[in-house]
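Okay, structure first, notes after.
The values are calculated or read from the model by the stated rules, or taken from the named source; none is laboratory data. All figures in this text were calculated on a predicted structure; none of them were measured in a lab. Neighbour counts are summed over all protein chains in view; Cβ atoms, including those assigned to glycine, are modelled from backbone coordinates with ideal geometry. These area figures cover heavy atoms from the full protein model, side chains too; ligands, DNA and RNA do not enter into them. Shrake-Rupley method; radii C 1.70, N 1.55, O 1.52, S 1.80 Å.
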Amino acid sequence: MLSLNGNFITISHKFLPQPDDDLVLYLNNNQAENVIHITHAFSDATDRISRCKWYKKGTLYEEWESKDYINSSEVVIYIKEFFFTIRSIFKTKMKWDFCVCMDGMCTFFGIFLRSLGKIKKVNYWAMDFVPENRFKSGFKNFIYHKINIFGYKNADEMWDLSPRMADAREEFLGIKKDSYRKHKVVPYGMWIDRIKRYSYEECEKNTLVFMGHLLEKQGVQLVLDAIPEIVKKIPDFKFKAIGTGNYEGKLKEKVKDLKIEKYVNFLGKIEKNEDLEEEIAKSCVAIAPYIEKLDTWTKYADPGKVKTYLACGIPVLLTDVPWNAREIEEMGCGKIIEESTESIINSFSELNQGTMNNKYRKQALSYISKFDYRNIFKELNL
């Protein structure tokens, strides 16, 4: 059971919101004594700034940041992040009870601070596991795995987003489950109560929504290819794409080539979670068309996008890539699709119907209720 009397640190690399934000929110909402949230801008972000926010009893007490290292080499940026993290913790002139780190590099920072006596306990909350080709460079992949392995074996607790992660580490890296000091699955959760949901009768009819990083592996191009056929059946169809990414330009070019501009709306990145959830919840159907041969991340992780869709109470179309895809289909709140325009067209048409849509909405909320962050965080052993 999580005690709120201690002093907490979270360290992460970020581009989009992820569970460290939710843990900090939970701690602050429950007025934990001290909470420090250190974030380092991820490589896809528009800057390479490191930031630190220090909260006391749920109120922001102090904050600071580094200069922007956007034009620096990766080596220089990681050195900057290391010293920024160390300097931030020493600046507080405190000893900290718990440090939750969201990747291998951040876990290395935490373990170093533990060796200096500034932190008592370091937990590694792994957001992904990529067995091969995380980077184009073989040397970078080697360093990536070495740093992660160090974190797996030396963190006080290893938390995985999905049950596939530990199995994959044993298969690809030979790390047996008894190699961890402690291990548990801590899944992606949602704030169930803050989301306003809509019935089929209240939603934006004939809309399909995608939310996430606009990368080739996310499969949005499959949806665009299907639209010319969808609008023959549903003339007032709308597709909403929420997010940004390095594949966005090519997707917009495809929209022009297919002459489907009137049916597609790129909404960009929606910063506030409540606004994002509202935009999704009022849609009719959501989609997560991961392309298996391109996606080395999602198979072993627990994609937050799918749970966001379900928490917003709308039916989900998804390829059979996430670990829980079949479970979602079996629970009647989503439908597995193939990587084809025909499959997208037929499945959307089915879930776009009122009776079926409302049935899936009801099941979505039933399934997602077990992933309420309030319950997940209460059970953490911090």
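Observations, loosely collected:
- Considering only beta bridges that DSSP places wholly inside the chain, some 25 percent are antiparallel.
- Pairs exceeding 21 Å between alpha-carbon atoms, taken from Lys177/Lys293; Lys269/Lys293; Lys240/Lys335; Lys196/Lys359: Lys177/Lys293; Lys269/Lys293.
- Note on Phe266/Lys232: beta-carbon distance plugged into 1/(1 + (r/R0)^6) with R0 of 30 Å gives a FRET efficiency of 0.85.
- Shape of the range 262-382 from the C-alpha gyration tensor: rounded (a/c under 1.5, with a ≥ b ≥ c the square roots of its eigenvalues).
- Within the same chain, lysines fewer than 8 places from Lys91 are excluded, and of the rest, those with a Cα less than 20 Å from its Cα are Lys53, Lys56, Lys57, Lys67, Lys80, Lys118, Lys120, Lys121.
- Dipole magnitude of the chain about its Cα centre (Cβ charges: Lys, Arg +1; Asp, Glu -1), debye to nearest 20: 1060
- Excluding ligands, DNA and RNA, the accessible surface per residue across the range 228-365 is 45 Å² with a 1.4 Å probe.
- Under the shape rule built on the C-alpha gyration tensor, where the axes satisfy a ≥ b ≥ c, the range 297-355 is oblate, since a/c reaches at least 1.5 while a/b does not exceed b/c.
- Cysteines having no other Cys beta carbon under 4.7 Å from their own, within the chain: Cys52, Cys99, Cys203, Cys284, Cys312, Cys333
- Considering only Ser66, Leu16, Met94, and ranking their Cα positions along the charge dipole of the range 1-134 that arises from unit charges at the beta-carbon of Lys, Arg, Asp and Glu, the one farthest toward the positive end is Met94.
- When peptides 110-122, 92-104 are sorted by average Cβ neighbour count within 10 Å, with the highest value leading, the order is 92-104, 110-122.
- Within the range 1-103, the ratio Rg/Rh, alpha carbon atoms throughout and Rh by Kirkwood, equals 0.97.
- For the chain, the share of accessible area belonging to carbon and sulfur comes to 50 percent (1.4 Å probe, ligands and nucleic acids excluded).
- Gaussian network model of the chain, Cα within-10 Å springs - most flexible of Ser88, Ser73, Ser369: Ser73
- Average 1/r across all pairs of distinct alpha carbons in the range 126-166, invert it, and you get the Kirkwood radius: 11.1 Å.
- In the context of the full set of protein chains, residues of the range 167-215 present 51 Å² of accessible surface per residue (probe radius 1.4 Å, heavy atoms only).
- Ranked by how many other beta carbons lie within 10 Å on average, peptides 318-327, 152-161, 242-251 from highest: 152-161, 318-327, 242-251
- Just checking the listed ones, Ile38, Ile337, Ile77: in the Gaussian network model of the chain with Cα springs under 10 Å, the one fluctuating most is Ile77.
- Whole-angstrom gap from the range 288-364 to the range 20-57, using each part's C-alpha centre: 31
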